[in-house]
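Below is one structure, written out as structure tokens; comments come after it.
The values are calculated or read from the model by the stated rules, or taken from the named source; none is laboratory data. Keep in mind the model is a prediction, meaning the values are calculated, not measured. Every residue, glycine as well, gets a Cβ built from its backbone with ideal geometry; the counts of neighbours run over all protein chains shown. In case anyone asks, the SASA skips ligands and DNA or RNA and just uses the protein heavy atoms, side chains included. Shrake-Rupley method; radii C 1.70, N 1.55, O 1.52, S 1.80 Å.
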Amino acid sequence: MRETTVQPDEQTLPRGESVSFLQALLFWLKLGFISFGGPAGQIAIMHQELVERRRWISERRFLHALNYCMLLPGPEAQQLATYIGWLLHRTWGGVVAGALFVLPSLFILIALSWLYIAFGEVSLVAGIFYGIKPAVTAIVLQAAHRIGSRALKNNWLWAIAGASFLAIFALDVPFPLIVLGAAAIGYVGGRMAPQAFSVGGGHGAAKQSYGPALIDDDTPPPPHARFRWSRLVLLLMIGAALWVLPMGVLTALFGWEGTLTQMGWFFTKAALLTFGGAYAVLPYVYQGAVGHHGWLTPTQMIDGLALGETTPGPLIMVVAFVGFVGAYVQQVFGADQAFLAGALAACLVTWFTFLPSFLFILVGGPLVESTHNELKFTAPLTAITAAVVGVILNLALFFGYHVLWPQGFAGSFDWPSALIALGAALALFRFKRGVIQVLLGCALVGLAVHLLR
């Protein structure tokens, strides 16, 4: 494989220098506002910024952290940001990175949810959504190509990716089973063909030269990233308190059957089921929020998903829309305080949804850091990364189907959406335009098409 060299820029960190907490905070804040494109797009943005451009972490260490996050329930991109923030600046660095990944999306969704529920269908917003949906399809496809080009470096890993695609596309195999199957193949393959299952897949994988990194391949874990039983027990106690205290207050104020209490309990369970990202848990959220609790209607749930797709941050942030609409419509605090009830509910469900993600990283990070050079641990994770490429490709096709055939194959083909998707793909693949530029351009085109109809 031909070695690629990225020219230094003004943000390059020569080896031996460090990133200040303020520098990191400003970057994580920026990331929270530009993290469009779902988990694949968000991970691609972080790779471009942290590995290729700023060199805060090496390709190998980035992929190792990503592989761990892929194993966990919860939004892997947000967990990856938390992990890298923790490596750089201890516990508070991880908390800040993970929180800033979510907070811009939370505030934006509260505002959009209020506009949606208060003013109903708005032609301007509908037109913008019409253009953004095909753009998101192209962004996810590009991210699958980007991650696949790094991870699929030999026939073994290509076969795993192909098998995972067929399993989820044709056989509807649950994502956790795909992960377990890939891990088992990687474990056996790491013993039978270790070169094929080295980090990134062998044959030159993870050997792109982006210059020395602050956290390089051979950089030892910092003192705070070494496993200690006392730290583990302390984090578990703090995590339990951060769940029990708000849940106890909600139960005392509204009772166990109260709307806000049930939202907290329901989204705690949802947080532990999100293997494979938001799309793996959306059916569960739909069944519970719409069918069982009746917090919102099926149409509102679909509209909320559209809002989640077109705002920065993890797609699972659609839970903020569910919480806002549920509490607003049911007037938990009365008719005069409907917005307050909705905003509080959105914040509460976000808290209960993301709390486990922070604990998984802060508790498990030291164990992961101790294994980044051990093939018996990295081979299963390398295989999982290959499998996830197939899953992301399936997600792109899922988007494409719903965008190009809005009424299903029995309905008409949406030619304007197809042309917008093609234009977005050309901008991303051929002209290397940024995600924000593509989204803005497609939103304007979509608005024009919608208004001219």
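Tell me which residues, restricted to region 132-155, are surrounded by fewer than 22 Cβ atoms within 10 Å (Cβ to Cβ) and more than 24 Å from residue 431 (Cα to Cα). Those that are surrounded by fewer than 22 Cβ atoms within 10 Å (Cβ to Cβ) and more than 24 Å from residue 431 (Cα to Cα): 154, 155. Residues in region 37-66 that are among the hydrophobic types (A, V, I, L, M, F, W, C) and farther than 25 Å from residue 366 by Cβ: 40, 44, 45.
Considering each of 61, 55 in turn, give the residue that is basic (Lys, Arg), within 20 Å of the chain's Cα centre (by Cα), at pLDDT 85 or above and farther than 26 Å from residue 425 by Cα. Sole residue among the options that is basic (Lys, Arg), within 20 Å of the chain's Cα centre (by Cα), at pLDDT 85 or above and farther than 26 Å from residue 425 by Cα: 61.
Within region 437-444, not a single residue is more than 26 Å from the chain's Cα centre (by Cα) and exposed (fewer than 14 other Cβ atoms within 10 Å of the Cβ). The set of residues in region 1-52 that are surrounded by fewer than 22 Cβ atoms within 10 Å (Cβ to Cβ), modelled with pLDDT of 85 or more and of a type in the set (Gly, Ala, Ser) comprises 20, 24. Among the residues of region 53-68, just one is of a type in the set (S, T, N, Q) and surrounded by fewer than 24 Cβ atoms within 10 Å (Cβ to Cβ), namely 58. Suppose we keep only residues that are in contact with a helix residue (DSSP H, G or I) (Cβ under 7 Å, 6 or more places away or on another chain), in a loop (DSSP other than H, G, I, E, B) and open to solvent by less than 30 Å² (accessible area, probe 1.4 Å) within region 206-220. Which one would you say is modelled with the lowest pLDDT? So, considering only residues that are in contact with a helix residue (DSSP H, G or I) (Cβ under 7 Å, 6 or more places away or on another chain), in a loop (DSSP other than H, G, I, E, B) and open to solvent by less than 30 Å² (accessible area, probe 1.4 Å), the one modelled with the lowest pLDDT is 206.
For region 314-339, a tally of residues being more than 28 Å from residue 140 (Cβ to Cβ) and under 17 Å from the mean Cα position of the chain (by Cα) returns 0.
Among residues of region 317-330 being part of a helix (DSSP H, G or I) and open to solvent by 10 Å² or more (accessible area, probe 1.4 Å), the one that is farthest from residue 101 (Cα to Cα) is 329. Scanning region 228-269 for residues that are open to solvent by 80 Å² or more (accessible area, probe 1.4 Å) and aromatic (Phe, Trp, Tyr) yields 229, 256, 265. When we screen 97, 126 for residues that are in contact (Cβ under 8 Å) with a residue 12 or more places away in the chain and either under 30 Å from residue 239 (Cβ atoms) or open to solvent by less than 10 Å² (accessible area, probe 1.4 Å) (or both), the only hit is 97.
Only helices (runs of 4 or more DSSP H) whose full extent lies in region 344-453 are considered here, and the ones with at least 1 residues that are of a type in the set (Phe, Trp, Tyr) and either under 30 Å from residue 284 (Cβ atoms) or in contact (Cβ under 8 Å) with a residue 60 or more places away in the chain (or both) are 375-404. Pairing each residue of region 61-75 that is at positive phi and in a loop (DSSP other than H, G, I, E, B) with any residue that is surrounded by fewer than 24 Cβ atoms within 10 Å (Cβ to Cβ) and of a type outside the set (S, T, N, Q), provided the two are 6+ apart or on different chains, yields C-beta distances under 8 Å for 74/271; 74/356; 74/360.
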